[in-house]
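Just below is one structure, and these are the notes that go with it.
The values are calculated or read from the model by the stated rules, or taken from the named source; none is laboratory data. Since we're looking at a predicted model, the values are computed, not measured. So basically every Cβ, Gly included, is an ideal-geometry build from the backbone, and we count neighbours across all protein chains shown.
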Amino acid sequence: MKIDLHIHTKTGSDGAMTVEEVFAEAKRRNIELISITDHDNIMHQGRAKELAAASKILYVTGVELNVTLTYNKKTFSLDFLAYGYDHRSQSLNEKLRVIREHREKRARHIIDNLNGEFKKESRPLFTEADLQKIQESADGVMSRPHIADYLIKKKIVASRQEAFDKYLVKCDVPKYPLTPEEAATLVRGAGGKVILAHPNDPNGTSLVSITKDLNEQTKIVFGQMLGYIDGIECWHSRSDKATTTHYIEFCQKYNLMMTGGSDCHQKPILMGTVAVEEWVKGQF
């Protein structure tokens, strides 16, 4: 049985395919259980459930939330996945609306900071028209990868990595400060479960920003997050065997849910390529 519980779309955030295209591709790939986990956006979850029923694919409501962990008096960015919540929850929808509005304001501030760098380089500044084009390319919620892609399109940089290294790290603006406790209260209040996403992702938002040592990571999870999560994403497209084994053992020890997915943004299309154990289905 193919399972993929971490998929992004163009409809909701920073994927390359619409939610309709994702379901069509999942059907082609014989994926039997999926979840759309767009960033801070659940407005299309009702449509996803309709498409799942029509495609005869099992579906779990999903969303990815960025949280701010305070550890040793410093703040670190992590991602939580939420599953199985009621997508009609008024409190959840209202909070996500506030977070999305902050994302939009943040994007504008990043553009302002970029223009500060462009002035130093005597480069033409981004205008409101440029911002509009970036928003149109995002379709869903605009984020730094969309700005990076626009920098590539304008031939200012050659790759996303260069965009981040040269501009987007120094021009960054803080994300919405959602604490693990707040995220847990919000999701559980809507009937959902909270999962720590890709804890050892070397290229993403993860505990690697604090430590690369797996034992130290799980000490942090135990000490700082155990009361706020219901499980951990043990299988991920950038998780090696040691990571998966370590986190499975940790989840078994503390009776936590175990999930997995490709984190597919369709760049390239990774849906269904992560070997998630079939018994994961029984947790939902």
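Consider residue 11 carefully, then state whether it is touching a residue at least 60 places away in the same chain (Cβ under 8 Å), at negative phi and assigned to a loop (DSSP other than H, G, I, E, B). Spelling it out, residue 11 is indeed touching a residue at least 60 places away in the same chain (Cβ under 8 Å), at negative phi and assigned to a loop (DSSP other than H, G, I, E, B). Checked against (1) touching a Leu at 6+ places or on another chain (Cβ under 6 Å); (2) assigned to a helix (DSSP H, G or I); (3) within 25 Å of residue 20 (Cβ to Cβ); (4) not aromatic (Phe, Trp, Tyr), residue 115 meets all criteria but (3). In this structure, is residue 104 surrounded by fewer than 20 Cβ atoms within 10 Å (Cβ to Cβ), part of a helix (DSSP H, G or I) and at pLDDT below 90? Taking the combined requirement at face value, the residue satisfies it. Condition first: modelled with pLDDT under 95, within 20 Å of the chain's Cα centre (by Cα), surrounded by 17 or more Cβ atoms within 10 Å (Cβ to Cβ) and assigned to a helix (DSSP H, G or I). Can you find one or more residues in region 164-179 that meet it? Yes, that holds for at least one residue.
Within region 20-57, if we keep just the residues that are part of a strand (DSSP E or B) and within 21 Å of the chain's Cα centre (by Cα), the residue that is farthest from residue 260 (Cα to Cα) turns out to be 39. Looking only at residues in region 68-87 that are part of a strand (DSSP E or B) and farther than 12 Å from residue 195 by Cα, the one that is nearest to the chain's Cα centre (by Cα) is 77.
Which members of region 42-65 meet the condition of being among the acidic types (Asp, Glu) and within 15 Å of residue 84 (Cα to Cα)? Scanning region 42-65 gives a single hit, 64. The single condition from (1) touching a helix residue (DSSP H, G or I) at 6+ places or on another chain (Cβ under 6 Å); (2) among the polar types (S, T, N, Q); (3) under 30 Å from residue 171 (Cα atoms) that residue 55 fails is (3). Is region 147-160 home to any residue that is outside the structural domain of residue 34 (by TED's automatic domain parsing) and hydroxyl-bearing (Ser, Thr, Tyr)? Scanning region 147-160 turns up at least one residue that is outside the structural domain of residue 34 (by TED's automatic domain parsing) and hydroxyl-bearing (Ser, Thr, Tyr).
Answer yes or no as to whether residue 217 is at pLDDT 95 or above and outside any loop (DSSP other than H, G, I, E, B). Judged against the criteria, residue 217 is a match.
Sort through 211, 185 and tell me the only one that's assigned to a loop (DSSP other than H, G, I, E, B), surrounded by fewer than 19 Cβ atoms within 10 Å (Cβ to Cβ) and of a type in the set (Ser, Thr, Tyr). Result: 211 is the single residue among 211, 185 that is assigned to a loop (DSSP other than H, G, I, E, B), surrounded by fewer than 19 Cβ atoms within 10 Å (Cβ to Cβ) and of a type in the set (Ser, Thr, Tyr). Of note, residue 233 does not satisfy the criterion of being over 20 Å from the mean Cα position of the chain (by Cα) and at pLDDT 95 or above.
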